[in-house]
């Protein structure tokens, strides 16, 4: 006789086996040896998590109560699977090309990556799936209790403790294999392989019980059929509304259930697996339901009235003393429950952590939070683990609170209806470009609200909705009665809820979509989703044909350069052990190429380029944004370069100018040296000549003697003046000059200067002055200042080429400075030499010059010493110089007072 | 080349034409399935007035099982046939390139 301890031992051994299988599969996947792990059979078997403990145990109970209605639960998914070409293929392609991680992620990324929508879907999924998890825990507990009743040793058995340990164990399994790594593709080979094994176990168990019942107990097919017809469910009895509604519901839930989405889309390795699964999975479902009716009929026959039909799979073999078979059936039920719970917890935890925990954590951490990638990675893993624990905790709490007991199937259908509310947003999203985020939100909210009001609250029963509301509707509004909306009574509650929630959900979704306008990113994503077959190519993912390799070659040559690209391709050919110039487009080769390219153009661009040519994953908005980022960086870099090059150009121009100036100065110096030697030589020659005459010629007349001596003296004085000037300039330049600062009136200084120049001059320079402005007291070295004016006036006298030379001197103050302009009516200084007139030895007109070209240079040095300047004023009628000097503040006040 | 994808030709070769019609049939499969599986809705139910009055005999459960499971198996069979055909295409949605090994 099967003891409870024996059962627990078998159970634990089975779990250990699952652990080993999952572990080995992960190891194999890590080594890259995934050939059989990625076979279509494993994919098909993993889809079998659709068959939970509810279908394993519950289907028989369902058949015992309502005949063939149970089969609708399987017919819906069958229709979806055989229509794979139309729907699932697109879903899987979108999932792969957009790197979708969950159904919430799919809906959110279709509607412009809206996190609000993701949160809504996640909450809906958690609310919908939690009772379902509780259901699985309940089924395991019930099956344990069956064995404990049958246990002859009467071992103590605590239901709550069992549930707790089962929930904890499943959580540990899901954490260990579901959150071991953070793969970009979210594939979990270990879990999927373990699930595939469980799928085989549960099918085998149910078939074994079925075969035992048909051939062992009933004596063959014909006898079994006769027995069925004779039983209480022996006649076709069907509510057509329920038949249609449940078929539809099962089909919708098959697509929308988070765990189904996980295995069907996220864990899908190859789109072509759908081709096999399209017939193999319906076949699996058919075999799962083949013996349900016979078991139900035999159970009703053999077992005492009132025994729970949900457990016939276990109780029929037990009542016949077939402990081994019962044990096998138990393992089948156990497999169904565990695989569903593990995958559901994984899928939900991905959704919860990606769409609820991570956004909160990132916003809490602020901007710098995501800078270190390893940092986020560990947080994501931790949040998933915690989420799994929380979800299992919720399931456990729900089980404890509800106390179990309700017929298994009804919770399952309530859950299905809730999850199916995602369907309009999902289908609309992948087939209709006009679907908008506002529409999806409206549809989801309406559907969710109606589901809670018409099915979930009444279904949970007791106390949540008062009897009065049931009978008269809320606030006495009879048309709002939860199970008879709009006054339509007499409908089956489930059909009523499915009809209204789906109808109004779809209507709200469509209407709001029609009247709202999508954001740009929504429209972009909409086009990507709806036209996914145009944007992504081929079902193979990272593989390509030889023709594509040629394209890749051409592209690589453009980016890397011909020689490097050819060398790279050649190396790859040798690595692959092939011949020729083009390697096979293996994933390794493509990865290498992408890496090489990313060195030149950035990772995102490289990925987009390879993706464009090879296909498999279309260019997503994130890719484009990353490309834009890289381009922006390039732009910034190039603008920096541009700035630098302008700076260089400027420096070069300055250097060129300086060089020109130096050359000019050097030329001037040469000219000056010859001038100086000439200037020195002329008086020296006269001095020498006249000295010789005085020495050698005897008998010179007195007046001749005196005249020659005067000439010698004049020439010597001219020499002295020249040397004085040079000395003066060098003293000024070296800054060793001592200034004799005293107060005086500008008018006096100008009077002195003008009279000095004009005294004894024969040329008729007329000086016009405006004496009003000259009445300014200033503090300066007045002698030096007079020297400047003398020089400037003398220049005008010397160089003014007008017939009647005139010099206008005007004084005024500009911006706190005293300005004296000296403007003559001559032709002025040519523009090209204006810049040079203040340089030493500069002479505008060599033949006209009498001096050594030091006058203006000395003037400028003096004015700099006095804190002012002398500049040439261009744009005047003749030669014009402007002398500026600072006007001290008290003098300003004086001026103002005048 | 990529051009094939961006601007599909209106007239296809015989082989491609066949393939497209087969894809049409595949799209039709769930519709056929739904229709076939809706047939039992037309059967007189055991609790309907006519059956209770004895005018018509209710469909026995064994017949119902045979019909539903038969239809189900038939759908699976059609799906297998289509899957086999799709397997021969290699790439379900891109014209085969000539000279490709």
Going through the stretch A:765-800 in order, the residues found to be touching a strand residue (DSSP E or B) at 6+ places or on another chain (Cβ under 6 Å) and in a helix (DSSP H, G or I) are A:773, A:774, A:782, A:792, A:796
Please go through the stretch A:852-871 and pick out each residue that is within 18 Å of residue A:817 (Cα to Cα) and assigned to a loop (DSSP other than H, G, I, E, B). A:866, A:867, A:868
If you go through A:665, A:687, the only one that is touching a residue at least 12 places away in the same chain (Cβ under 8 Å), in contact with a helix residue (DSSP H, G or I) (Cβ under 8 Å, 6 or more places away or on another chain) and surrounded by 12 or more Cβ atoms within 10 Å (Cβ to Cβ) is A:687
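Each row is one residue, and each column tells you yes or no for (1) more than 9 Å from chain A (Cβ to nearest Cβ); (2) buried (at least 20 other Cβ atoms within 10 Å of the Cβ); (3) within 24 Å of residue B:40 (Cβ to Cβ); (4) modelled with pLDDT of 75 or more.
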site	(1), (2), (3), (4)
B:51	no, no, yes, no
B:55	yes, no, yes, no
B:61	no, yes, yes, yes
B:67	yes, no, yes, yes
B:70	yes, no, yes, yes
B:73	no, no, yes, yes
B:77	no, no, yes, yes
B:83	no, yes, no, yes
B:89	yes, no, no, no
Failed condition for residue B:38, given (1) touching a helix residue (DSSP H, G or I) at 6+ places or on another chain (Cβ under 7 Å); (2) more than 7 Å from chain A (Cβ to nearest Cβ); (3) at pLDDT 75 or above, with all others met? (1)
Condition broken by residue A:84, with the remaining ones in (1) within 14 Å of chain B (Cβ to nearest Cβ); (2) assigned to a helix (DSSP H, G or I) satisfied: (2)
Do any helices (runs of 4 or more DSSP H) lying entirely in the stretch A:417-516 carry at least 3 residues that are at pLDDT 70 or above, and which ones are they? A:423-431, A:437-451, A:493-515
Is there any pair linking a residue in the stretch A:222-243 that is more than 8 Å from every other protein chain (Cβ to nearest Cβ) to one that is assigned to a helix (DSSP H, G or I) and surrounded by fewer than 20 Cβ atoms within 10 Å (Cβ to Cβ), with Cβ under 6 Å and at least six apart or on different chains, and which? A:241/A:495; A:242/A:495
Could you tell me whether any residue of the stretch A:102-112 is more than 14 Å from chain B (Cβ to nearest Cβ), under 40 Å from the mean Cα position of the chain (by Cα) and modelled with pLDDT under 80? yes
Answer yes or no: is there a residue in the stretch A:8-21 that is within 22 Å of residue A:175 (Cα to Cα) and at pLDDT below 80. no
Might you check whether a residue that is modelled with pLDDT of 85 or more and more than 10 Å from every other protein chain (Cβ to nearest Cβ) occurs anywhere in the stretch A:268-281? no
Those residues of the stretch B:22-35 which are over 21 Å from residue A:249 (Cα atoms), touching a residue at least 40 places away in the same chain (Cβ under 8 Å) and more than 7 Å from chain A (Cβ to nearest Cβ) amount to B:22, B:25
If I filter the stretch A:157-180 for residues that are within 37 Å of the chain's Cα centre (by Cα), surrounded by 15 or more Cβ atoms within 10 Å (Cβ to Cβ), in the same structural domain as residue A:319 (by TED's automatic domain parsing) and modelled with pLDDT under 70, do I get at least one hit? yes
Filtering the stretch A:486-515 down to residues that are surrounded by 18 or more Cβ atoms within 10 Å (Cβ to Cβ) and under 19 Å from residue A:431 (Cβ atoms) yields A:502, A:505, A:506, A:508, A:509, A:510, A:512, A:513
Quick one: is residue A:67 in a helix (DSSP H, G or I), assigned by TED's automatic domain parsing to the domain that holds residue A:316 and in contact with a strand residue (DSSP E or B) (Cβ under 9 Å, 6 or more places away or on another chain)? yes
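The values are calculated or read from the model by the stated rules, or taken from the named source; none is laboratory data. Worth saying up front: this structure is predicted, and the values here are computed from it rather than measured. Methodologically, a virtual Cβ is constructed for each residue, glycine included, from the backbone with ideal geometry; neighbour enumeration extends over all protein chains shown.
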